[in-house]
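The values are calculated or read from the model by the stated rules, or taken from the named source; none is laboratory data. The shown structure was predicted, so the numbers you read here are calculated from the model rather than taken from an experiment. Heads up, the Cβs are rebuilt from the backbone with ideal geometry, glycines too, and the neighbour counts pull from every protein chain shown.
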Amino acid sequence: MIALTDISFFLLAIVTFISALTALEAKEPVYAAMALAITFASTAGLFMLLGAFYVAFFQLAIRTGAVMVLILFVTMLIKRGAREAVGIRVWAMIASIAFFIVTAWIIMIVNSLWFSPQSLSTFSVTELGASLLVSYGAALAILAIVLIMATTGTLTLIKEEKE
Amino acid sequence: MVPLAYYLILSSALLGLGFYGLIAKTSAIRMLFALEILTIAANLNLVAFSAYMSPSNVSGQVLVLFSIALGAAEASVGLAIIILMYRLNKTVDVSQLRRLKG
(Lines give C-alpha, C1' and ligand atoms only; values in the text may rest on other atoms or scores of the structure.)
Protein backbone atom coordinates (compact mmCIF):
# COMPACT_ATOMS: atom_id res chain seq x y z
CA MET A 1 0.00 0.00 0.00
CA ILE A 2 1.65 3.16 -1.17
CA ALA A 3 0.36 6.40 0.23
CA LEU A 4 -0.28 9.41 -1.91
CA THR A 5 2.42 11.43 -0.15
CA ASP A 6 5.00 8.75 -1.00
CA ILE A 7 4.11 8.90 -4.69
CA SER A 8 4.28 12.67 -4.71
CA PHE A 9 7.60 12.59 -2.87
CA PHE A 10 9.16 10.26 -5.43
CA LEU A 11 7.76 12.24 -8.35
CA LEU A 12 9.01 15.53 -6.92
CA ALA A 13 12.40 14.01 -6.08
CA ILE A 14 12.84 12.70 -9.62
CA VAL A 15 11.74 16.02 -11.14
CA THR A 16 14.08 17.95 -8.83
CA PHE A 17 17.11 15.81 -9.62
CA ILE A 18 16.57 15.62 -13.38
CA SER A 19 15.88 19.33 -13.74
CA ALA A 20 18.95 20.14 -11.64
CA LEU A 21 21.00 17.90 -13.93
CA THR A 22 19.48 19.64 -16.96
CA ALA A 23 20.31 23.05 -15.47
CA LEU A 24 23.96 22.06 -15.42
CA GLU A 25 24.18 20.09 -18.66
CA ALA A 26 21.78 21.73 -21.15
CA LYS A 27 23.48 23.20 -24.20
CA GLU A 28 21.38 26.37 -24.35
CA PRO A 29 21.85 28.59 -21.26
CA VAL A 30 18.23 29.78 -21.45
CA TYR A 31 16.93 26.21 -21.29
CA ALA A 32 19.26 25.63 -18.36
CA ALA A 33 17.79 28.65 -16.58
CA MET A 34 14.26 27.35 -17.18
CA ALA A 35 15.29 23.95 -15.80
CA LEU A 36 16.63 25.70 -12.71
CA ALA A 37 13.23 27.38 -12.32
CA ILE A 38 11.61 23.92 -12.40
CA THR A 39 14.08 22.79 -9.73
CA PHE A 40 13.08 25.70 -7.50
CA ALA A 41 9.38 25.03 -8.02
CA SER A 42 9.63 21.30 -7.29
CA THR A 43 11.68 22.06 -4.18
CA ALA A 44 8.79 24.27 -3.08
CA GLY A 45 6.56 21.21 -3.57
CA LEU A 46 8.89 19.17 -1.33
CA PHE A 47 8.70 21.89 1.33
CA MET A 48 4.91 21.68 1.08
CA LEU A 49 5.08 17.90 1.61
CA LEU A 50 7.11 18.55 4.75
CA GLY A 51 4.41 20.84 6.10
CA ALA A 52 6.36 24.07 5.65
CA PHE A 53 3.76 25.93 3.62
CA TYR A 54 5.04 29.42 4.30
CA VAL A 55 8.59 28.44 3.38
CA ALA A 56 7.24 26.90 0.17
CA PHE A 57 5.44 30.13 -0.62
CA PHE A 58 8.61 32.09 0.09
CA GLN A 59 10.59 29.77 -2.18
CA LEU A 60 8.06 30.20 -5.00
CA ALA A 61 7.83 33.97 -4.62
CA ILE A 62 11.50 34.83 -4.14
CA ARG A 63 13.45 32.03 -5.82
CA THR A 64 11.17 30.96 -8.65
CA GLY A 65 9.87 34.48 -9.15
CA ALA A 66 12.39 37.20 -8.48
CA VAL A 67 15.75 35.41 -8.64
CA MET A 68 14.86 33.40 -11.73
CA VAL A 69 13.76 36.51 -13.65
CA LEU A 70 17.09 38.11 -12.74
CA ILE A 71 19.07 35.03 -13.80
CA LEU A 72 17.08 34.65 -17.02
CA PHE A 73 17.70 38.24 -18.09
CA VAL A 74 21.42 38.05 -17.32
CA THR A 75 21.59 34.78 -19.25
CA MET A 76 19.98 36.45 -22.24
CA LEU A 77 22.36 39.44 -22.04
CA ILE A 78 25.49 37.34 -22.12
CA LYS A 79 26.90 35.69 -25.18
CA ARG A 80 27.78 32.08 -24.52
CA GLY A 81 31.05 30.52 -25.47
CA ALA A 82 32.65 28.98 -22.45
CA ARG A 83 34.55 25.89 -23.41
CA GLU A 84 34.20 22.69 -21.49
CA ALA A 85 37.01 21.56 -19.25
CA VAL A 86 37.24 17.97 -20.44
CA GLY A 87 39.98 16.56 -18.24
CA ILE A 88 38.68 17.71 -14.89
CA ARG A 89 35.09 16.87 -15.79
CA VAL A 90 35.48 13.10 -15.44
CA TRP A 91 37.29 13.51 -12.15
CA ALA A 92 34.61 15.85 -10.86
CA MET A 93 31.96 13.33 -11.85
CA ILE A 94 33.79 10.49 -10.11
CA ALA A 95 34.36 12.61 -7.00
CA SER A 96 30.75 13.72 -6.71
CA ILE A 97 29.40 10.20 -7.28
CA ALA A 98 31.80 8.89 -4.63
CA PHE A 99 30.64 11.66 -2.30
CA PHE A 100 27.02 10.70 -2.90
CA ILE A 101 27.66 7.00 -2.29
CA VAL A 102 29.54 7.64 0.94
CA THR A 103 26.93 10.05 2.33
CA ALA A 104 24.03 7.78 1.33
CA TRP A 105 25.83 4.89 3.03
CA ILE A 106 26.31 6.88 6.22
CA ILE A 107 22.66 7.99 6.13
CA MET A 108 21.51 4.38 5.78
CA ILE A 109 23.76 3.34 8.69
CA VAL A 110 22.42 5.95 11.10
CA ASN A 111 18.89 5.59 9.72
CA SER A 112 17.69 3.57 12.71
CA LEU A 113 18.34 6.49 15.04
CA TRP A 114 15.61 8.55 13.44
CA PHE A 115 11.96 7.90 13.80
CA SER A 116 9.08 9.25 11.79
CA PRO A 117 6.60 11.37 13.73
CA GLN A 118 2.99 10.35 13.52
CA SER A 119 1.94 13.54 11.82
CA LEU A 120 3.67 16.61 10.57
CA SER A 121 2.79 19.81 12.33
CA THR A 122 2.16 22.84 10.21
CA PHE A 123 2.64 26.33 11.50
CA SER A 124 0.39 29.23 10.66
CA VAL A 125 1.82 32.42 9.25
CA THR A 126 0.94 34.11 12.55
CA GLU A 127 3.10 31.73 14.57
CA LEU A 128 5.98 31.98 12.11
CA GLY A 129 5.81 35.75 11.98
CA ALA A 130 5.62 36.01 15.76
CA SER A 131 8.67 33.78 16.14
CA LEU A 132 10.46 35.77 13.44
CA LEU A 133 9.85 39.09 15.17
CA VAL A 134 10.00 38.09 18.85
CA SER A 135 12.80 35.51 18.96
CA TYR A 136 14.81 36.54 15.91
CA GLY A 137 14.18 40.27 15.71
CA ALA A 138 17.86 41.19 15.86
CA ALA A 139 18.72 38.69 13.13
CA LEU A 140 15.90 40.13 11.01
CA ALA A 141 17.35 43.63 11.40
CA ILE A 142 20.81 42.35 10.45
CA LEU A 143 19.27 40.63 7.43
CA ALA A 144 17.73 43.92 6.37
CA ILE A 145 21.16 45.57 6.60
CA VAL A 146 22.66 42.73 4.55
CA LEU A 147 20.01 43.17 1.84
CA ILE A 148 20.63 46.93 1.73
CA MET A 149 24.37 46.30 1.47
CA ALA A 150 23.81 43.78 -1.33
CA THR A 151 21.66 46.26 -3.25
CA THR A 152 24.21 49.04 -2.79
CA GLY A 153 27.04 46.73 -3.77
CA THR A 154 25.22 45.59 -6.89
CA LEU A 155 24.51 49.16 -7.98
CA THR A 156 28.11 50.21 -7.31
CA LEU A 157 29.47 47.26 -9.28
CA ILE A 158 27.22 47.81 -12.27
CA LYS A 159 27.59 51.60 -12.49
CA GLU A 160 29.26 52.81 -15.68
CA GLU A 161 32.45 54.69 -14.97
CA LYS A 162 32.60 58.19 -16.47
CA GLU A 163 35.86 58.92 -18.17
CA MET B 1 5.07 8.75 5.65
CA VAL B 2 8.35 8.86 3.78
CA PRO B 3 11.34 8.21 6.05
CA LEU B 4 13.66 11.08 6.82
CA ALA B 5 16.52 9.22 5.14
CA TYR B 6 14.93 9.64 1.70
CA TYR B 7 14.95 13.41 2.02
CA LEU B 8 18.56 13.30 3.20
CA ILE B 9 19.59 11.07 0.30
CA LEU B 10 17.92 13.40 -2.19
CA SER B 11 19.66 16.31 -0.50
CA SER B 12 23.06 14.64 -0.70
CA ALA B 13 22.45 13.79 -4.36
CA LEU B 14 21.74 17.46 -5.06
CA LEU B 15 24.85 18.39 -3.07
CA GLY B 16 26.99 16.04 -5.17
CA LEU B 17 25.47 17.49 -8.33
CA GLY B 18 26.26 21.01 -7.15
CA PHE B 19 29.87 20.08 -6.35
CA TYR B 20 30.22 18.52 -9.78
CA GLY B 21 28.89 21.66 -11.47
CA LEU B 22 31.09 23.93 -9.41
CA ILE B 23 34.22 21.96 -10.30
CA ALA B 24 33.59 20.96 -13.90
CA LYS B 25 31.94 24.04 -15.38
CA THR B 26 33.97 27.01 -16.56
CA SER B 27 31.08 29.30 -17.43
CA ALA B 28 30.40 31.66 -14.53
CA ILE B 29 26.63 31.41 -15.04
CA ARG B 30 26.70 27.62 -14.75
CA MET B 31 28.77 27.94 -11.60
CA LEU B 32 26.06 30.24 -10.20
CA PHE B 33 23.46 27.59 -11.11
CA ALA B 34 25.54 25.01 -9.25
CA LEU B 35 25.65 27.33 -6.23
CA GLU B 36 21.87 27.64 -6.34
CA ILE B 37 21.57 23.85 -6.40
CA LEU B 38 23.86 23.65 -3.36
CA THR B 39 21.60 26.15 -1.57
CA ILE B 40 18.55 24.08 -2.46
CA ALA B 41 20.20 20.99 -0.97
CA ALA B 42 21.02 22.81 2.26
CA ASN B 43 17.52 24.27 2.60
CA LEU B 44 15.89 20.89 1.93
CA ASN B 45 18.07 19.32 4.61
CA LEU B 46 17.12 22.01 7.12
CA VAL B 47 13.38 21.77 6.48
CA ALA B 48 13.42 17.95 6.59
CA PHE B 49 15.31 17.86 9.88
CA SER B 50 13.08 20.52 11.43
CA ALA B 51 9.93 18.69 10.33
CA TYR B 52 11.04 15.25 11.56
CA MET B 53 13.24 15.85 14.57
CA SER B 54 11.47 18.72 16.32
CA PRO B 55 7.96 19.01 14.88
CA SER B 56 6.76 21.47 17.49
CA ASN B 57 9.60 23.93 17.00
CA VAL B 58 9.38 26.62 14.37
CA SER B 59 13.06 27.64 14.46
CA GLY B 60 14.16 25.47 11.54
CA GLN B 61 11.65 27.04 9.18
CA VAL B 62 12.65 30.52 10.32
CA LEU B 63 16.28 29.65 9.58
CA VAL B 64 15.28 28.53 6.08
CA LEU B 65 13.46 31.83 5.53
CA PHE B 66 16.68 33.66 6.42
CA SER B 67 18.62 31.34 4.13
CA ILE B 68 16.27 32.02 1.20
CA ALA B 69 16.53 35.79 1.66
CA LEU B 70 20.33 35.58 1.89
CA GLY B 71 20.34 33.41 -1.23
CA ALA B 72 18.51 36.14 -3.11
CA ALA B 73 21.13 38.69 -2.03
CA GLU B 74 23.90 36.28 -3.05
CA ALA B 75 22.36 35.73 -6.48
CA SER B 76 22.00 39.45 -7.15
CA VAL B 77 25.60 40.23 -6.21
CA GLY B 78 26.84 37.22 -8.17
CA LEU B 79 24.95 38.29 -11.28
CA ALA B 80 26.35 41.83 -10.93
CA ILE B 81 29.86 40.39 -10.79
CA ILE B 82 29.13 38.24 -13.87
CA ILE B 83 27.87 41.27 -15.82
CA LEU B 84 30.95 43.25 -14.79
CA MET B 85 33.17 40.34 -15.84
CA TYR B 86 31.46 40.22 -19.22
CA ARG B 87 31.76 43.97 -19.68
CA LEU B 88 35.48 43.97 -18.91
CA ASN B 89 36.56 40.76 -20.61
CA LYS B 90 33.82 40.03 -23.16
CA THR B 91 33.64 36.49 -21.78
CA VAL B 92 32.23 34.68 -18.76
CA ASP B 93 34.75 31.84 -19.04
CA VAL B 94 36.42 31.78 -15.63
CA SER B 95 39.39 29.79 -16.93
CA GLN B 96 40.43 32.85 -18.98
CA LEU B 97 40.46 35.15 -15.98
CA ARG B 98 44.08 34.79 -15.03
CA ARG B 99 45.26 38.36 -15.08
CA LEU B 100 46.21 38.23 -11.43
CA LYS B 101 48.19 35.01 -11.85
CA GLY B 102 51.85 35.63 -11.06
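For (1) among the β-branched types (Val, Ile, Thr); (2) touching a strand residue (DSSP E or B) at 6+ places or on another chain (Cβ under 8 Å), each residue gets a yes or a no:
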| residue | (1), (2) |
| --- | --- |
| B:Leu14 | no, no |
| B:Phe19 | no, no |
| B:Ser27 | no, yes |
| B:Leu46 | no, no |
| B:Ser54 | no, no |
| B:Gly60 | no, no |
| B:Leu63 | no, no |
| B:Ile68 | yes, no |
| B:Leu84 | no, no |
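Quick check, is A:Leu12 out of contact with any Pro (no Cβ under 7 Å at 6 or more places or on another chain) and within 20 Å of B:Leu38 (Cα to Cα)? Walk me through it before giving the result.
Numbers: out of contact with any Pro (no Cβ under 7 Å at 6 or more places or on another chain): yes; within 20 Å of B:Leu38 (Cα to Cα): yes.
Taking the combined requirement at face value, the residue satisfies it.
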Worksheet entry | Tally, over region A:106-117, of residues that are surrounded by 12 or more Cβ atoms within 10 Å (Cβ to Cβ) and of a type in the set (Phe, Trp, Tyr) | 1
Worksheet item: So which of B:Ala42, B:Ala80, B:Ala72, B:Ala48 ends up being surrounded by fewer than 22 Cβ atoms within 10 Å (Cβ to Cβ), closer than 30 Å to A:Ser124 by Cβ, at the interface with chain A (Cβ under 7 Å from one of its Cβ atoms) and at pLDDT 90 or above?
Response: B:Ala72
Worksheet item: Checking A:Gly137 against (1) within 21 Å of the chain's Cα centre (by Cα); (2) of a type outside the set (A, V, I, L, M, F, W, C); (3) outside the structural domain of A:Ala33 (by TED's automatic domain parsing), which test does it fail?
Response: (1)
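In contact with a Lys or Arg (Cβ under 9 Å, 6 or more places away or on another chain), at the interface with chain A (Cβ under 7 Å from one of its Cβ atoms) and at pLDDT 90 or above: is that true of B:Gly21 in this structure?
On the way: in contact with a Lys or Arg (Cβ under 9 Å, 6 or more places away or on another chain): yes; at the interface with chain A (Cβ under 7 Å from one of its Cβ atoms): yes; at pLDDT 90 or above: yes.
Here the answer is yes, as B:Gly21 does meet what is asked.
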